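Trainee: The following block contains the structure, expressed as structure tokens.
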């Protein structure tokens, strides 16, 4: 072999190595996506075929360009040089999920912008152990750097926020003579949303079965008693039948609320297109609910603008007012007053003032924030009761399914614990906002704002 041909062969070898490295990284990422279920096997196969074809074309083009240039000295790569070539780095930088290349000693050699943001990496890459203090992950990386097979590790954090992450640790072998033979490719998948959804489903099934088990057990016991020694006891029979009717009514309310919540969640992503008068709807709700307030001698007063047109579905807006006013009746003291007021046209600068009407000592929480859109005008529905109030520690959980505040039980007519969850989802569908403000001993104020106009592209928060 002539000395003149050696640089050309060395360049050929380096180009082949770069092409193989690029293809290997791309195929590895596609393999991870298939394992996690992000893409189907057919899509991954098509993408892999396209990547292989592009890599081959890239190799041919570079070979042609280099062969027409004057001969250059052979390129040498040190043992500390990154494995990935420039095209591979560009691919990594554009991936939407965190990817890192870890080299000898656990030092981060390459991290894409998503990894920098996810782990809070500095401008200069350092040791993985300084940025990711997860023993299981570090142990897997150490094993892969020694030549072990790929591993999948999961870890969770609670502070500062709850997160659940799955880490795919993939070994990459270097072809360079004298170089450290193995490196580790880390692909991180944030599974916090799916874990939360899974936990919510499990909690929902557990709570729903518990809520139904109690009245069913009561009914079974009373039926057995009535068929036994209380068969001819008229007084006991009337008493038991009354209790059975209450338990049956409780199950009916629970099933209705579950069906309502299911319908609302199903359509939550589709904003309403009709028009409704929030004030007229609130007045109709008050008229229909007043019989519930008479036994406790509670007065319901309507204040504010009599005309408040919004974009919304009237039946769902009626359900919002019904849930809020019924809750106010349940938890207000006998002989007290409930105020339902309407503001027909407010802007964002007025929302803070109108939803903070109880003073600085009261606790306040935004349960659902309205969509961000400059110039949007809202109508506000506010319901204030005269109950015992709610402590600050309970406010974040008010819209959870089946959650009830300690000391706020309402007797035989106890609610299902789903009313505020329904209100939250209806408000989210209407691209509005939902707020609570309460102070023990002073009562509670629930506020709902609904846009007067809806833009289809508005993002929904909360």
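The values are calculated or read from the model by the stated rules, or taken from the named source; none is laboratory data. These numbers were taken from a predicted model, which means no experiment stands behind them. Neighbour counts are summed over all protein chains in view; Cβ atoms, including those assigned to glycine, are modelled from backbone coordinates with ideal geometry.
Trainee: Just to check your reading of the model, which residue among 297, 332 is more than 30 Å from residue 375 (Cα to Cα), outside the structural domain of residue 219 (by TED's automatic domain parsing) and free of Cβ contacts under 8 Å to residues at least 60 places away in the same chain? Let's see the steps before the verdict.
Mentor: Working: 332 fails: free of Cβ contacts under 8 Å to residues at least 60 places away in the same chain.
Result: 297 is the single residue among 297, 332 that is more than 30 Å from residue 375 (Cα to Cα), outside the structural domain of residue 219 (by TED's automatic domain parsing) and free of Cβ contacts under 8 Å to residues at least 60 places away in the same chain.
Trainee: Would it be correct to say that residue 117 is under 22 Å from residue 25 (Cβ atoms), exposed (fewer than 15 other Cβ atoms within 10 Å of the Cβ), assigned by TED's automatic domain parsing to the domain that holds residue 28 and modelled with pLDDT under 85?
Mentor: Details: under 22 Å from residue 25 (Cβ atoms): yes; exposed (fewer than 15 other Cβ atoms within 10 Å of the Cβ): yes; assigned by TED's automatic domain parsing to the domain that holds residue 28: yes; modelled with pLDDT under 85: yes.
Yes.
Trainee: I've got another one for you. Looking for something surrounded by 13 or more Cβ atoms within 10 Å (Cβ to Cβ), in a helix (DSSP H, G or I), in contact (Cβ under 8 Å) with a residue 12 or more places away in the chain and touching a strand residue (DSSP E or B) at 6+ places or on another chain (Cβ under 7 Å) - is there at least one such residue anywhere in region 305-314?
Mentor: Looking for residues that are surrounded by 13 or more Cβ atoms within 10 Å (Cβ to Cβ), in a helix (DSSP H, G or I), in contact (Cβ under 8 Å) with a residue 12 or more places away in the chain and touching a strand residue (DSSP E or B) at 6+ places or on another chain (Cβ under 7 Å), one finds at least one in region 305-314, hence yes.
Trainee: Name every residue in region 355-367 that is on the phi < 0 side of the Ramachandran plot and modelled with pLDDT under 85, in order of residue number.
Mentor: Hits for region 355-367 are 355, 356, 357, 358, 360, 361, 362.
Trainee: Are any residues in region 279-304 part of a loop (DSSP other than H, G, I, E, B) and buried (at least 18 other Cβ atoms within 10 Å of the Cβ), and if so, which ones? I'd like the intermediate steps shown before the answer.
Mentor: Pass one, region 279-304, residues part of a loop (DSSP other than H, G, I, E, B): 297-298.
The one that is part of a loop (DSSP other than H, G, I, E, B) and buried (at least 18 other Cβ atoms within 10 Å of the Cβ): 298.
Trainee: Now for a different question. Return the pairs, sorted by first residue and then second, in which the second residue is at pLDDT below 85, the first residue lies in region 134-162 and is exposed (fewer than 14 other Cβ atoms within 10 Å of the Cβ), the beta carbons are less than 6 Å apart, and the residues are 6+ apart or on different chains.
Mentor: Note: pairs meeting the criteria are 157/163.
Trainee: Please tell me if residue 276 is surrounded by 15 or more Cβ atoms within 10 Å (Cβ to Cβ) and within 32 Å of the chain's Cα centre (by Cα).
Mentor: Details: surrounded by 15 or more Cβ atoms within 10 Å (Cβ to Cβ): yes; within 32 Å of the chain's Cα centre (by Cα): yes.
Yes: the conditions hold for residue 276.
Trainee: Check off (1) at pLDDT 90 or above; (2) touching a helix residue (DSSP H, G or I) at 6+ places or on another chain (Cβ under 9 Å) for residue 337 and give me the number that stays unchecked.
Mentor: Unmet condition: (2).
Trainee: Moving to a separate point now. With the checklist (1) at pLDDT 80 or above; (2) assigned to a helix (DSSP H, G or I); (3) touching a helix residue (DSSP H, G or I) at 6+ places or on another chain (Cβ under 7 Å) in hand, flag the one item residue 140 doesn't pass.
Mentor: Here residue 140 clears every test but (3).
Trainee: When you look at residue 396, is it at pLDDT below 90, closer than 16 Å to residue 278 by Cβ and in the same structural domain as residue 440 (by TED's automatic domain parsing), yes or no?
Mentor: no
Residues checked against (1) in a helix (DSSP H, G or I); (2) surrounded by fewer than 17 Cβ atoms within 10 Å (Cβ to Cβ):
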| position | (1), (2) |
| --- | --- |
| 322 | yes, no |
| 325 | yes, no |
| 329 | yes, no |
| 343 | no, no |
| 350 | yes, yes |
| 371 | no, no |
